[in-house]
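Everything below concerns the one structure shown next.
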Amino acid sequence: MALRISLRRRPAPGPRPEADLVAAIVESSADAIIGAGLDGLIASWNPAAERLFGYTAEEAIGLPVSRIVAPAHHHVFEGDFRAIRRGERIAPHRVLHRRKDGSDFEVSLTAAPIKDASGAIVGAAAIMRDVSELTRLAAELEQSRAFLESVIDNIPAMVIVKDAPSGRFVICNRTGAERIGRPREEILGKTDHELFPPEQAEFFARKDREALALGEVEIPEEPLSSRKQGLRWLHTRKIAVKGRDGTATHIVLVAEDVTESKRVQKMKDEVISMASHELKSPLTALAGIVGTLVDAKELAPRDREMLALAYRTVQRMARMVGDYLDIERIESDRAEFAASRPLDLGPLAQEAIASMQAYAARNRIEFSVRAEGGPWTVLGDPDRLMQVIMNLLSNAGKFTEPGTAVEVSLARADGSVRVSVTDHGPGVPPELHDRIFERFAQSKVPGAREKGSGLGLSISKAIVEKLGGRMAFSSRPGATTFSFELPAAPAPP
């Protein structure tokens, strides 16, 4: 639709419904609409222009258009006006303008020649909209995009985003390009089949399809071969990103290079295997020999005492080696756990206490259990949970004064079963609180009955966490409680 704006200030006599309609549109427009003659002077100025620039119509009409253009963009205005004189329309573009108060702001400007009845160009009409807020938001968005791009690029893990329908790479950070062994510009826009050997590409594509079907997949060990870096092992997670309609639009891949940790784990496995055969077996044999000598009838009392000390030392060394191997296997997911089954922790605690009676009698301490209102059913490995309870009882017994008790209690809390073991010894020193569950962390409190391997609490924590639970402790002078929680399970029928 052609829009003609008259430059005459007074309407011609007689009915002019079309002109009245145009005038009404101009007056009510939310955009500034300005008319100017070929002399560059403002000839018409609608209310939106008043609001935008701060000039009333009386103030603006007769001013040169250049007055409302920022000096930095006068050359743009002059180029536009030359095009108008040639009869050209000006496509929307951004120009810096100036308000009455002297502040500059950006507008989106569209302009066209104004022609009289004979078709001669007599002026120009311009429509302007303030886009300074859009410009500010766009700048902030660009700043945020650049920041996010920088963050992604500096993440030491591979970060890759693929287009879900096509499987083409749309984002690949610096680490990703290094692991793939190609410049980023060679990766973006390509698919796995264009970048990797067929077998490897099909593996990646199959995992992409699984992520799209399941929403997320985790690949603990994923091989990636490249000419520059050879074979690397990745711990990869792929996540499907969905649009508002629920359709997957992209696949996000985050992969950590675990090649070095895999190599270290292999070395640890070799050490564990060596320790099992080269340390544990000889210690077990030595303990058997010394134990036999201790029982010999012809020994002098002092010799028997020395052999008994040697026997206890060898046993302790064997326990330390066994405990160390045990925690290494647990933490590397190589320990043997029986299939989890429903079991009542109440009878298990009673059994553990019964097995400690000789220890309790020898040291004049008492083990008691409070387990009212059972059953206390959880899913777990009974042998491993017995190991945890025995470790906690043994730990408590070391610091309990003769004539006092170690208390075992069972309780339910927020869908879990909690087993607590409390002693009434001197308490855990504050400097040990933060590392109480670390390997070889031992309290040097005077009066400790015997020294253990320093691994019992670490092993217990590792077992409980493998079974989906957690361990905690609290301590003050005169009372220390170690506890573990496991998710409650329905009692077996």
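Any idea which of (1) surrounded by fewer than 16 Cβ atoms within 10 Å (Cβ to Cβ); (2) over 36 Å from the mean Cα position of the chain (by Cα); (3) at pLDDT below 85 is the one G452 doesn't satisfy?
(1)
Any residue in the stretch 414-427 that is at pLDDT below 90 and either outside the structural domain of S474 (by TED's automatic domain parsing) or part of a helix (DSSP H, G or I) (or both)?
Taking every residue of the stretch 414-427 in turn, none turns out to be at pLDDT below 90 and either outside the structural domain of S474 (by TED's automatic domain parsing) or part of a helix (DSSP H, G or I) (or both).
Out of (1) surrounded by fewer than 17 Cβ atoms within 10 Å (Cβ to Cβ); (2) of a type in the set (F, W, Y); (3) in contact with a helix residue (DSSP H, G or I) (Cβ under 8 Å, 6 or more places away or on another chain), the odd one out for F169 is which?
Condition not satisfied by F169: (1).
Hey, can you tell me all the residues within the stretch 56-79 that are in contact (Cβ under 8 Å) with a residue 12 or more places away in the chain, more than 54 Å from the chain's Cα centre (by Cα) and outside any helix (DSSP H, G or I)?
I61, G62, L63, P64
Can you name the residue in the stretch 346-394 that is of a type in the set (D, E, K, R) and outside any helix (DSSP H, G or I) and, of all such residues, is nearest to the chain's Cα centre (by Cα)?
Taking the candidates together, the pick is D381.
Inside the stretch 71-109, can you point out the residues that are under 19 Å from L134 (Cβ atoms) and not aliphatic (A, V, I, L, M)?
Of everything in the stretch 71-109, those that are under 19 Å from L134 (Cβ atoms) and not aliphatic (A, V, I, L, M) turn out to be H73, P92, H93, R94, H97, R98, R99, S103, D104, F105, E106, S108.
Examine the stretch 132-145 for a residue that is touching a strand residue (DSSP E or B) at 6+ places or on another chain (Cβ under 9 Å), of a type outside the set (G, A, S) and assigned to a strand (DSSP E or B), and state whether such a residue exists.
No, because not a single residue in the stretch 132-145 is touching a strand residue (DSSP E or B) at 6+ places or on another chain (Cβ under 9 Å), of a type outside the set (G, A, S) and assigned to a strand (DSSP E or B).
Residues are listed down the side, and each one gets a yes or a no for (1) farther than 27 Å from G478 by Cβ; (2) of a type in the set (F, W, Y); (3) surrounded by fewer than 21 Cβ atoms within 10 Å (Cβ to Cβ):
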{"position": "Q350", "(1), (2), (3)": "no, no, yes"}
{"position": "I353", "(1), (2), (3)": "no, no, yes"}
{"position": "S368", "(1), (2), (3)": "no, no, yes"}
{"position": "A371", "(1), (2), (3)": "no, no, yes"}
{"position": "G374", "(1), (2), (3)": "yes, no, yes"}
{"position": "M390", "(1), (2), (3)": "no, no, yes"}
{"position": "V408", "(1), (2), (3)": "no, no, no"}
{"position": "G415", "(1), (2), (3)": "yes, no, yes"}
{"position": "D423", "(1), (2), (3)": "no, no, no"}
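Only one of these is under 30 Å from S29 (Cα atoms) and either surrounded by 17 or more Cβ atoms within 10 Å (Cβ to Cβ) or more than 24 Å from the chain's Cα centre (by Cα) (or both): L137, L141. Name it.
L137
Within the stretch 211-270, count every residue that is more than 21 Å from R168 (Cβ to Cβ), surrounded by 14 or more Cβ atoms within 10 Å (Cβ to Cβ) and aliphatic (A, V, I, L, M).
Here the count works out to 1.
Considering only the stretch 204-213, state which residues are touching a residue at least 12 places away in the same chain (Cβ under 8 Å) and either of a type in the set (A, V, I, L, M, F, W, C) or more than 10 Å from K238 (Cβ to Cβ) (or both).
Within the stretch 204-213, F204, A205, A211, L212 meet the criteria.
Could you check how many residues of the stretch 484-493 are surrounded by fewer than 18 Cβ atoms within 10 Å (Cβ to Cβ) and outside any loop (DSSP other than H, G, I, E, B)?
1
The values are calculated or read from the model by the stated rules, or taken from the named source; none is laboratory data. Only a predicted model underlies this, so the values are computations on that prediction, with no experimental measurement involved. Cβ sites come from the backbone with ideal geometry, for glycine too, and all protein chains shown count toward neighbours.
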